[in-house]
Every structure is written in C-alpha cells, then in structure tokens.
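The structure under discussion appears below in the form of structure tokens.
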Amino acid sequence: MCEDDIFCGVNKAKSENPEEMSDLEKKHTPVIDAPAKVKKGEAFEVRVEVGKHMKHPNENAHFIEWIELFSGDTFLARVDLVARLSVPKVTFVVALDHSHALIAKERCNLHGQWQSLPFAIEVEE
C-alpha cells in the first residue's frame, strides 16, 4: 500500500503550522519565500529552503539531492545538490505571466520526495 511508503509519490506536511508538523515533516518540507505580488514578465527572486523549521542532515549518507520550482504545474527550474558541500537553500530568479501558486519540491536520498505548501502569488499586468 502506498500510503505508508514515503518513496511512493510526493510527501506533504499534514499541517501548515510548523508546531503541528512531525520532525520528519519539519526537516523535509521546502519553505518558499517570495513576494506576494509581482509584475507580469518582470524577474523576481524566489528563495526555497529545506530544513528551515528543523535542520536537515547534510552528510554523505543523508542529504537533499535536488530542489525544483513550479508555477502551478509548470516546471520553472531545478538545482542539483551534493552532500556536505551544498546547502539546501537556493534562490531562483524567474518571471511569470500568469498567477498560479508556487510549489517547491525536493528529494532526500533517504526519505523521498517532498512538496512545499502552495505559495500564493499574484501576477499584475
């Protein structure tokens, strides 16, 4: 059964409140920091951090392999990381034409894929 297998599908925190998250969720849920409003077609920064609520290990045997950014279902960017030498905190520079929630995904080599909470962003003309 897939429900109890963290390598089956994409994992999501059961609560938006970090105080109600399990330690596993705190370590693995990507957190997005970006403006609430942006102008159509203009570049802006989106910061994504894994382990913001509780530090994630960064060692050869346990680390974050990559972080991806999406606008709705549209893939925007990906950063590949290596153990020990990379920190799972990245900044993407993107430009959007439509208002869709931003979603970040990451993969831990031991605990599978994890997805952020949707980050609402308004794209103004």
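The values are calculated or read from the model by the stated rules, or taken from the named source; none is laboratory data. Just so it is clear, the structure is predicted and the values come from calculations on it, not from any experiment. All Cβ positions, even for glycine, are placed from backbone atoms using ideal geometry, and neighbour counts span all protein chains on display.
A few comments on the model shown:
- Any hit, the stretch 33-46, residues being within 16 Å of Trp114 (Cα to Cα), in contact (Cβ under 8 Å) with a residue 12 or more places away in the chain and surrounded by 13 or more Cβ atoms within 10 Å (Cβ to Cβ): no
- Meets criteria (surrounded by fewer than 17 Cβ atoms within 10 Å (Cβ to Cβ), among the hydrophobic types (A, V, I, L, M, F, W, C) and part of a helix (DSSP H, G or I)) for Leu110: no
- In the stretch 84-93, of all residues being surrounded by fewer than 16 Cβ atoms within 10 Å (Cβ to Cβ) and β-branched (Val, Ile, Thr), the one that is farthest from Gln113 (Cα to Cα) corresponds to Val93.
- Those residues of the stretch 29-73 which are under 13 Å from the mean Cα position of the chain (by Cα) and of a type in the set (Asp, Glu), in sequence order: Asp33, Glu49, Glu65, Glu68
- In the set (1) in contact (Cβ under 8 Å) with a residue 60 or more places away in the chain; (2) surrounded by 19 or more Cβ atoms within 10 Å (Cβ to Cβ), the condition left unmet by Ala120 is number (2).
- Residues in the stretch 87-107 that are under 12 Å from Ile67 (Cα atoms), assigned to a strand (DSSP E or B) and of a type in the set (A, V, I, L, M): Val90, Ile103, Ala104.
- Ser22 vs. criteria over 15 Å from Glu106 (Cβ atoms), at pLDDT 95 or above and surrounded by 15 or more Cβ atoms within 10 Å (Cβ to Cβ): no
- Subset of the stretch 74-125 [of a type in the set (S, T, N, Q) and either under 22 Å from His53 (Cβ atoms) or under 11 Å from the mean Cα position of the chain (by Cα) (or both)]: Ser86, Thr91, Asn109, Gln113, Gln115, Ser116
- Selection from the stretch 66-83 of residues that are among the charged types (D, E, K, R) and either crowded, with 16+ Cβ neighbours inside 10 Å or modelled with pLDDT under 95 (or both): Glu68
- Filter result for Glu49 (surrounded by 13 or more Cβ atoms within 10 Å (Cβ to Cβ) and within 29 Å of Glu124 (Cβ to Cβ)): yes
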